[in-house]
Amino acid sequence: MSHVRLDALSKVYGSNAPAVDDLTLTVERGEFLALLGPSGCGKTTTLRMIAGLVPPTGGTITVGGADVTSLPPYRRNMGLVFQNYALFPHMSVADNIAFGLEMRNLPRSEQTSRIAEALAMVRLEGYEKRRPRELSGGQQQRVALARALVIRPDVLLLDECLSNLDAKLREQMRIEIREIQRRLGITAIFVTHDQVEALTMCDRVALMDRGRLAQVGTPEDVYERPANRFVANFVGRINVMRGEANGASLAVAGAPVAVANAPRTQGTVDVMVRPHRMTIRPEDVAAAAGENRVSGTIGRIVYIGDVIQVAVDTPAGPLVAERTTTGPDWHTLAVGQRVAVAWSAADTLVFPPEAR
Amino acid sequence: MSLLRRPGMLWLALPATAVLLFTYVAPMFGLARMSFNRTLPGGAMQPDWTLATYAEMAADSFNLELTLNSIQLSFTATTFALLLAYPVSLFLFRTESRFRSLLAIIAIGPLLVNGVVRVFGWIAVLGDRGLVNSALLALGLVSEPVRLIYNWTGVTIGLTESLLPYMVLALLAGFGRLDREVEAAAMSLGARPWRVFVRVTLPLSLPAIVLGWLICFILAMSAFVTPKLLGGGRVFVLATQVFEEAVDTVNWPLAAALSVYMLVLLLLFLGAYGALTRRVER
């Protein structure tokens with residue numbers, strides 16, 4: 001049975017467009033779900049509604065079968081980790097972690113052992129007496145996590161909590177948070193605008209666009225089988241070509257293009273292919289069976305380290321192909337060279353063009 | 001701090017320092033010098049270097065009474081002003097209303113009205129036939145007017161009101177550490193609103209409280225118009241005494257000595273307060 005259930009949840013501020021619009025979503029017990037989307041898509045508002053900090057204007061929130069929609073935050077038993085950590089600046093690390101236990105009137109001895117346990121979990125033993133301002137960003141992040149987990153919450157809610165850390169530390173915390181979540185078997189909802197965080201940490205990803213749910217699925221689902229143009233565009237990099245659909249056949253720049261799942265639309269469509277699924281081939285070598293290809297001139301080569309990005313100007317528009325820098329042959333590519341860009345039918349995504 | 005270490009930046013403080021030297025420091029030295037002069041029986045002042053005035057001041061037990069009066073009045077009025085201004089300031093600090101600036105101007109608006117005019121306003125409100133007494137009499141709550149002016153009650157009310165705008169400004173300036181997210185965190189950890197206030201909001205606004213209380217206490221100690229006019233000659237504090245000695249008795253050395261005494265008193269007070277807050281913050 002689902003653990004957290006959002007039913008037709010809505011939030012409208014004044015006469016503006018809804019911040020969250022008719023959102024229905026379930027999270028399984030012990031599942032790690034990402035709420036992913038660009039800023040202003042309503043993901044943080046959704047999280048705050050689950051925490052009880054923002055009252056919804058419609059819909060219900062159920063946790064473990066109980067309707068908590070109208071409960072104040074202090075009666076919800078949710079562990080919340082904020083983007084800026086929101087530690088109590090006037091309290092020591094130990095007092096920060098003890099706060100939730102004190103509010104629950106736990107006996108002193110149990111408080112002490114639980115604080116020690118929580119500090120060990122986030123590997124901050126010996127930091128009990130420090131003040132938050134004496135800690136680094138990563139350490140503050142750990143204290144915030146320990147403070148949220150020590151109350152043994154029903155649900156762990158994480159609000160963009162890695163975005164203030166530098167890249168190296170962020171990667172380490174991703175793994176650490178995922179480890180802790182798995183070990184405790186706690187249901188967690190993680191709000192982020194970073195698709196890499198969402199894909200690497202979470203069991204499932206819920207993509208939000210302008211207050212609405214765009215797609216829910218496993219990281220592989222949303223990456224390989226995006227439900228719409230927004231998801232394809234938001235998750236990972238992607239090339240967009242203008243195509244003409246006619247029943248089962250599809251053409252880009254006048255040449256037929258093979259698609260695994262034929263579009264059922266007529267007229268102009270967006271044909272999308274991820275850069276690393278495109279390969280650069282010599283122009284004079286014949287195409288393999290079922291392979292899509294378009295010829296062009298290399299306009300730009302960007303060296304990133306693990307990959308190079310090759311921008312090719314083609315009749316279908318500028319296309320970016322990525323290739324790894326494994327092996328020496330990538331050096332043979334040069335700006336101005338005539339090449340063919342090739343990709344498979346399975347990697348071709350087709351969507352109706354954006355309405356705007 | 002780092003600005004001060006850059007030598008070029010010190011020049012920025014020069015104009016203000018010059019103005020203060022001429023308008024404040026120099027007159028203070030003049031005042032201190034005057035307190036060592038001798039008063040002749042006729043009331044004339046003779047330049048001298050004598051401690052006679054200070055000895056006279058110390059021997060007069062009335063001055064001790066004045067000191068205690070001043071401290072008690074200032075303490076009460078400042079504390080009332082703090083209690084009244086705190087909720088208003090908290091609201092002003094937090095409101096996201098587009099009328100926020102307007103509301104803030106209204107809160108500190110009394111500063112735009114001359115202090116004497118405000119006192120006469122209070123006389124109209126608190127007098128025997130004033131607003132308050134008329135209402136009390138009309139409601140039959142009292143059979144004769146309650147004395148609300150020309151006594152300590154009136155002065156305390158008037159002084160409290162005159163401190164309010166300063167208190168609001170000081171609190172608003174000191175609320176920097178207050179953070180809605182931190183309060184939200186406390187709530188998510190199970191704290192009911194009043195516990196959030198006691199455990200988070202209040203401790204984090206302590207710097208503002210300390211700042212506001214100190215500024216207003218000093219203002220109250222040196223307040224002269226309100227005790228003089230609302231006291232109706234029955235309320236005696238150090239500030240009114242200085243005026244009396246300087247203008248009515250024309251004993252300038254004594255007025256100067258009393259002023260120096262007040263200054264020293266306030267400096268001692270500031271020092272004690274500083275030491276105390278340093279200990280609290282640790």
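The values are calculated or read from the model by the stated rules, or taken from the named source; none is laboratory data. As the structure is a prediction and not an experimental result, all values here were calculated from the model. Ideal geometry is used to build each Cβ from the backbone, glycine not excepted, and the neighbour counts take in all protein chains shown. Areas reflect the complete protein model, heavy atoms only, side chains present, ligands, DNA and RNA absent. Shrake-Rupley method; radii C 1.70, N 1.55, O 1.52, S 1.80 Å.
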For the range B:103-109, just list the computed ³J(HN,Hα) in residue order, Karplus coefficients 6.51, -1.76 and 1.60, θ = phi - 60°, integers in Hz, with x standing in for Gly and Pro. 4, 5, 5, 4, 5, 9, x
Pick from B:Ala272, B:Ala255, B:Ala220: which is most flexible by mean-square fluctuation in a GNM of chain B where alpha carbon atoms under 10 Å apart are linked? B:Ala272
With r defined as the distance between the Cβ atoms of A:Gln83 and B:Leu14 and R0 fixed at 45 Å, what FRET efficiency is calculated, to the nearest 0.05? 0.55
Extending each Cα 7 Å along its Cβ direction at B:Thr23 and A:Ala17, get the distance between those two points in nm, one decimal. 5.5
Evaluate the Debye formula for the protein assembly as shown with equal point scatterers sitting on the alpha carbons, no solvent, and hand back log10 of I(q)/I(0) at q = 0.10, 0.12 Å⁻¹, in q order, two decimals. -1.04, -1.24
How large is ³J(HN,Hα), in whole Hz, for each residue of the range B:44-50 in order, when computed from phi with the Karplus curve 6.51 cos²θ - 1.76 cosθ + 1.60 and θ = phi - 60°, using x for Gly and Pro? 6, 9, 10, x, 6, 10, 9
For a quick check: with amide H placed at 1.01 Å from N, whose amide H comes under 5 Å from B:Arg38's, ignoring anything fewer than 5 positions away on the same chain? B:Gln46, B:Asp48
Could you run the Karplus curve 6.51 cos²θ - 1.76 cosθ + 1.60 with θ = phi - 60° over the range B:255-264 and give me ³J(HN,Hα) per residue in whole Hz, x for Gly and Pro? 4, 5, 5, 5, 4, 4, 4, 4, 4, 4
Here the whole-number average of other chain Cβ atoms within 10 Å per Cβ of A:88-94 is 4
Find the percent of Cα-Cα distances in chain A that exceed 26 Å, and round it to a whole number. 59
Starting from 0.36 nm per residue, how many nanometres of slack lie between B:Val142 and B:Arg177 once their C-alpha separation is accounted for? 7.9 nm
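Mean residue ellipticity at 222 nm from the helices of chain A, using -39,500 (n - 2.57) per DSSP H segment of n ≥ 4 over the full residue count, to the nearest 500 deg cm²/dmol? List each step's numbers first, then the result.
Numbers: 8 runs with 84 residues, N = 356.
Helices in chain A give a 222 nm mean residue ellipticity of -7000 deg cm²/dmol.
Can you give the extra length, in nm with one decimal, that the chain gains between B:Val117 and B:Val264 once fully stretched, where that is 0.36 nm per residue apart less the Cα-Cα distance? Numbers along the way, then the final one.
Numbers: separation 147, 0.36 × 147 = 52.92 nm, distance 3.10 nm.
Residue separation times 0.36 nm, minus the Cα-Cα distance, leaves 49.8 nm.
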Could you let me know the centre-to-centre spacing of the range B:153-168 and the range A:231-291, using Cα atoms, in angstrom? 77
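Restricting attention to the range A:129-215, which trypsin sites (Lys or Arg not before Pro) occupy a DSSP loop and are surrounded by at most 14 other Cβ atoms within 10 Å? Display every interim value, and only then the final one.
Numbers: sites: A:Lys129, A:Arg130, A:Arg133, A:Arg142, A:Arg147, A:Lys168, A:Arg170, A:Arg174, A:Arg178, A:Arg182, A:Arg183, A:Arg204, A:Arg210, A:Arg212; in loops: A:Lys129, A:Arg130, A:Arg210.
Taking the range A:129-215 and a limit of 14 other Cβ atoms within 10 Å, the loop trypsin sites (Lys or Arg not before Pro) found are A:Lys129.
Which value results when the Cα radius of gyration for the range B:61-281 is divided by 2.2 N^0.38 Å? Before the final figure, lay out the partial values.
Numbers: Rg = 20.3 Å, N = 221, 2.2 N^0.38 = 17.1 Å.
Working it through for the range B:61-281, the quotient is 1.19.
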Taking only protein heavy atoms and a 1.4 Å probe, the highest-to-lowest accessible-area order of A:Val216, A:Val339 is A:Val216, A:Val339
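Run lengths n ≥ 4 of DSSP H only: what is the helix-derived mean residue ellipticity at 222 nm for chain B, with -39500 (n - 2.57) per run over all residues, to the nearest 500? Could the numbers behind the result be given before it?
Details: 15 runs with 187 residues, N = 282.
The helix-only estimate for chain B comes to -21000 deg cm²/dmol at 222 nm.
Quick one: ranking A:Tyr303, A:Tyr127 by accessible area, 1.4 Å probe, largest first, what do you get?
Details: A:Tyr303 145, A:Tyr127 55 Å².
I get A:Tyr303, A:Tyr127, largest accessible area first.
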Calculated FRET efficiency for the pair B:Tyr273/B:Leu51, C-beta based, R₀ 35 Å, to 0.05: 0.75
How many nm separate the modelled label positions at A:Asn164 and A:Val302, each set 7 Å beyond the Cα in the direction of the Cβ? 3.0
Search the structure for amide H atoms under 5 Å from the amide H of A:Asp209, placed 1.01 Å from N in the peptide plane, and list their residues when 5 or more places away or on another chain. A:Ala214
For the range A:166-251, with the dipole built from +1 on Lys and Arg beta-carbon atoms and -1 on Asp and Glu ones, taken about the Cα centre, which of A:Ile186, A:Gly247, A:Gly236 lies farthest toward the positive end? A:Gly247
Sorted by chain and then number, the residues having a modelled amide H within less than 5 Å of the amide H of A:Leu250, at least 5 places away or on another chain, are A:Val257
